[in-house]
Amino acid sequence: MNHQFLKVISMLIIIVFGDTVSTVEACSSSDMEALMSFKRGIQIDTSGRIEKWVGKNCCKWEGIVCENATFRVKEINLPGFISNDEGLFQTQMVGLISPSIVFLTSLQVIDLGGLIGLSGTIPLNIGNHLKNLQKLYLYGNNLTGSIPENIGELKNLQELALHENKLSGSIPLTVGSLKNLKSLLLYSNQFSGKIPHSIKNLKLLVELDVHDNALTGGIPHRVSEMQVLQKLDLSNNLLTGKVPSSLTNLTTISVLYLDTNYLEGVISFPSRPGEMSCLAFLRLNNNHLAGNIPSNFGYLVSLQRVSLSNNKLEGTLPSTLGDLVSLTELYISENFLSGQIPKSIGQLSQLIMLNISRNLIEGPLPQEMSSLQNLQTLDLSFNHLNRSSIPKWIANVPSLSRIYLADCGIKGRIPDFLQTTISPIQELDLSVNLLNGSIPSWIGRLNQLYMLNLSRNTISSYIPNSFRNLHDLSVLDFHSNRLIGSISLIFDIGQSIFGGSLKFVDLSDNKFSRGIEKIGLRGQCDIQFLNLSHNLLKGKIPNGIGRMNSINKLDLSFNKLGFNLPEVMGNLTSLEVLKLQKNQLNGNIPIGFLRLIKLKELNLSYNLLEGKIPEGKPLIDFPKSCYFGNKGLCGKPLSPCKP
């Protein structure tokens, strides 16, 4: 009897209270209202996740996580990057981030990062309501406005990622109240003002990245009190003053990027062995640093990549650079460094990239450099090496494939041993030297050659037939030599399976006389920069030029080209610069030139052109001087045509 009675009571409870229990499990009404307000603010969601937010059980909606006990919403996970069986892809949300999101007062995680089109501002009351928030990801959107002052009330916040938006204003002083913060990412915004001194209070901070903003003032000296900091990136701002010597107290720092600012003074760290012992990546380039590279620099034994380029550093290279045995990349170009390269450089067995260009370094080069077994790129250009020849040991460095020796005083012919290097040459720059003789035919056997620069020498020869074999050649610069004959071989270079490889071609200031008819006839139609000016080229600009749809700059000036301008030049809609002055071109300017809407620079002067200049942009926007010397031309911007 009692058993039957209990069964009846249980059924009555389910009948009477069942709807209430279901409602509790669904989620709180305030959370439901806040989520629906967020949904209403979104016009487009390419992932389709928001469309599935239907029914009362919001805890089962995609991207929503609730607490088990209270059914309150604790996480919104709607990141822009989604992975599936086919890989990682990015979705987009277009709309405004709803201020009502702050009424989800149990939230611990907000991940709305990388949605591209999400706009609006960071909710003004975020710090007053979301006391439990631990992770806030709003990066990679279109947010504007400033960071609310009450952000400091988010005492449990561990990760704050607001990078890659359009946020502005100053970084609020209250950021220093986020005592549990481990990661602060504010880079690629429009923040201004000083870095707040309160940043020193973030004792648990591991990563601070504010690069690519407009921050001013100096680097706070007490930033060194953040003892667990591993990455500090203040690059690409407007910071001034000296690099604080107190940075040596950052015992766990691994990444230090201070480049592209206005920092001055000397490099004052480290002061003794053991300081900054974890530092692996250092960038101080593009500043106003002066003085010597200190001998103590060799104490940074964990360094892997370092750039000191484009400063005002002077003096000799310290021999202690050889103690940086983990170094893979060293950039010290564009300074005033002098003396010889120390022999100890040969101890850097892991070195892949060495760039000492644009200094005052003198020769001879130490033989010990031949021990750099992993060196792939060597740039010694624009120094005072005054070498009469390229050292033969270069051919024996087993990994070396990119060689830059511009303006090193090299004389004579291009040495034959370059055809037998252990590693196939991919990039070779011997420009601004005293080379003479001919272009060797063996150069066509360098079948991995990507860039070849022999400009500003006194080489006098034809282009060898073997050039047809350079299928990977993308950058070719022969300007300012004494080359003769035909340019046709350049456009006969065989195609790879991906089409024409050439992107940049400069053959200007030579004595080429033939081959203009080959332009655009074969596979090399992806050229973006073509300069054939100051030669002796004759004939007609070929119709094949209309196939060069990628070209941005075309310079055929100062030749002996004649006949009409081809109508197909109007197809070159990517063209920004067109120079055809000082030729013998005749006929009318094709009306198709009005389609050259990207054209920023035009010069048709001193030809035999006639008739009315096609009326319209961009042709009427150029100054009269662009058309001078064509006695038969009329119309804007020149004098009106006679009836």
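The values are calculated or read from the model by the stated rules, or taken from the named source; none is laboratory data. Note that the structure is predicted; figures quoted are calculated from it, not measured. Cβ atoms come from the backbone with ideal geometry, glycine included; neighbour counts cover every protein chain shown. When the accessible area is computed, the model is the full protein with side chains, heavy atoms only, and any ligands, DNA or RNA have been set aside. Shrake-Rupley method; radii C 1.70, N 1.55, O 1.52, S 1.80 Å.
Being polar (S, T, N, Q), touching a residue at least 40 places away in the same chain (Cβ under 8 Å) and in contact with a strand residue (DSSP E or B) (Cβ under 7 Å, 6 or more places away or on another chain) is the requirement here; does Ser455 meet it?
Considered against the rule, which asks whether it is polar (S, T, N, Q), touching a residue at least 40 places away in the same chain (Cβ under 8 Å) and in contact with a strand residue (DSSP E or B) (Cβ under 7 Å, 6 or more places away or on another chain), Ser455 comes out as yes.
Matching residues to (1) open to solvent by 10 Å² or more (accessible area, probe 1.4 Å); (2) closer than 18 Å to Gly217 by Cβ:
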| site | (1), (2) |
| --- | --- |
| Thr121 | yes, no |
| Ile126 | no, no |
| Gln134 | yes, no |
| Gly145 | yes, no |
| His163 | yes, no |
| Lys200 | yes, yes |
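Would you check which residues across the range 85-143 are assigned to a strand (DSSP E or B), at positive phi and without any contact (Cβ under 8 Å) to a residue 60 or more places away in the chain and list them?
The answer is Gly87, Gly95.
Tyr606 versus (1) in contact with a helix residue (DSSP H, G or I) (Cβ under 7 Å, 6 or more places away or on another chain); (2) open to solvent by 50 Å² or more (accessible area, probe 1.4 Å); (3) of a type in the set (Ser, Thr, Tyr); (4) closer than 20 Å to Lys538 by Cα: which is the lone unmet condition?
All conditions pass for Tyr606, except number (1).
I'd like the full set of residues that are crowded, with 18+ Cβ neighbours inside 10 Å and touching a strand residue (DSSP E or B) at 6+ places or on another chain (Cβ under 8 Å), limited to the range 332-344.
Of everything in the range 332-344, those that are crowded, with 18+ Cβ neighbours inside 10 Å and touching a strand residue (DSSP E or B) at 6+ places or on another chain (Cβ under 8 Å) turn out to be Ile332, Ser333, Asn335, Leu337, Ile341.
Residue by residue through the range 173-198, note down the ones that are more than 29 Å from the chain's Cα centre (by Cα) and closer than 22 Å to Leu238 by Cβ.
Correct list: Leu173, Val175, Gly176, His197, Ser198.
Going by the conditions given, is Ile497 surrounded by fewer than 17 Cβ atoms within 10 Å (Cβ to Cβ), hydrophobic (A, V, I, L, M, F, W, C) and either modelled with pLDDT of 95 or more or closer than 21 Å to Gln448 by Cα (or both)?
yes
Can you tell me which of Glu362, Glu334 is among the acidic types (Asp, Glu) and closer than 26 Å to Thr421 by Cβ?
Exactly one of Glu362, Glu334 is among the acidic types (Asp, Glu) and closer than 26 Å to Thr421 by Cβ, namely Glu362.
Mind checking which residues of the range 144-165 are among the polar types (S, T, N, Q) and outside any loop (DSSP other than H, G, I, E, B)?
If the condition is that a residue be among the polar types (S, T, N, Q) and outside any loop (DSSP other than H, G, I, E, B), then Thr144, Asn150 are the ones that fit.
Name the pairs whose Cβ atoms lie under 7 Å apart, with the first residue in the range 282-295 and closer than 15 Å to Ser245 by Cβ, the second open to solvent by less than 70 Å² (accessible area, probe 1.4 Å) and acidic (Asp, Glu), and 6 or more positions between them or separate chains?
Leu284/Asp259
If a residue must be within 23 Å of Asn68 (Cβ to Cβ) and not small (Gly, Ala, Ser), how many such residues does the range 103-121 contain?
Residues that pass the stated criteria total 8.
Restricting to the range 196-211, name every residue that is in a strand (DSSP E or B) and out of contact with any helix residue (DSSP H, G or I) (no Cβ under 9 Å at 6 or more places or on another chain).
Glu207, Asp209
Between a first residue in the range 611-635 that is at positive phi and a second residue that is among the hydroxyl-bearing types (Ser, Thr, Tyr) and open to solvent by 20 Å² or more (accessible area, probe 1.4 Å), which pairs have beta carbons less than 7 Å apart while being 6 or more apart in sequence or on different chains?
Within 7 Å, the pairs are Gly629/Tyr606.
Only one of these conditions is not met by Gly444: (1) crowded, with 16+ Cβ neighbours inside 10 Å; (2) of a type outside the set (Ser, Thr, Tyr); (3) at pLDDT 95 or above. Which number is it?
Going through the list (1) crowded, with 16+ Cβ neighbours inside 10 Å; (2) of a type outside the set (Ser, Thr, Tyr); (3) at pLDDT 95 or above, Gly444 breaks only (3).
Among the strands (runs of 3 or more DSSP E) lying completely within the range 527-609, list those that include at least 3 residues that are over 27 Å from Leu473 (Cβ atoms) and not hydrophobic (A, V, I, L, M, F, W, C).
It comes to 560-564, 584-587.
Whether any residue in the range 590-597 is within 28 Å of Asn549 (Cα to Cα), out of contact with any strand residue (DSSP E or B) (no Cβ under 6 Å at 6 or more places or on another chain) and of a type in the set (Gly, Ala, Ser) is what I want to check.
Checked the range 590-597: at least one residue is within 28 Å of Asn549 (Cα to Cα), out of contact with any strand residue (DSSP E or B) (no Cβ under 6 Å at 6 or more places or on another chain) and of a type in the set (Gly, Ala, Ser).
Let me confirm something: among Leu532, Leu554, which residue is under 33 Å from the mean Cα position of the chain (by Cα), open to solvent by less than 70 Å² (accessible area, probe 1.4 Å), within 18 Å of Ser486 (Cβ to Cβ) and not small (Gly, Ala, Ser)?
Of the residues listed, the single one that is under 33 Å from the mean Cα position of the chain (by Cα), open to solvent by less than 70 Å² (accessible area, probe 1.4 Å), within 18 Å of Ser486 (Cβ to Cβ) and not small (Gly, Ala, Ser) is Leu532.
Please enumerate the residues belonging to the range 365-394 that are modelled with pLDDT of 90 or more, over 17 Å from Arg456 (Cβ atoms), open to solvent by 50 Å² or more (accessible area, probe 1.4 Å) and in a loop (DSSP other than H, G, I, E, B).
Correct list: Gln373, Asn374, Gln376.
Given the residues Lys617, Lys600, which is the only one that is of a type outside the set (A, V, I, L, M, F, W, C) and closer than 27 Å to Pro643 by Cα?
Only one candidate qualifies: Lys617.
When the range 609-643 is examined, which residues are found to be among the basic types (Lys, Arg) and surrounded by fewer than 14 Cβ atoms within 10 Å (Cβ to Cβ)?
Lys617, Lys624, Lys631, Lys642, listed by residue number.
Answer yes if at least one residue in the range 410-429 is in a loop (DSSP other than H, G, I, E, B), out of contact with any Pro (no Cβ under 8 Å at 6 or more places or on another chain), among the small types (Gly, Ala, Ser) and without any contact (Cβ under 8 Å) to a residue 60 or more places away in the chain, and no otherwise.
No, because not a single residue in the range 410-429 is in a loop (DSSP other than H, G, I, E, B), out of contact with any Pro (no Cβ under 8 Å at 6 or more places or on another chain), among the small types (Gly, Ala, Ser) and without any contact (Cβ under 8 Å) to a residue 60 or more places away in the chain.
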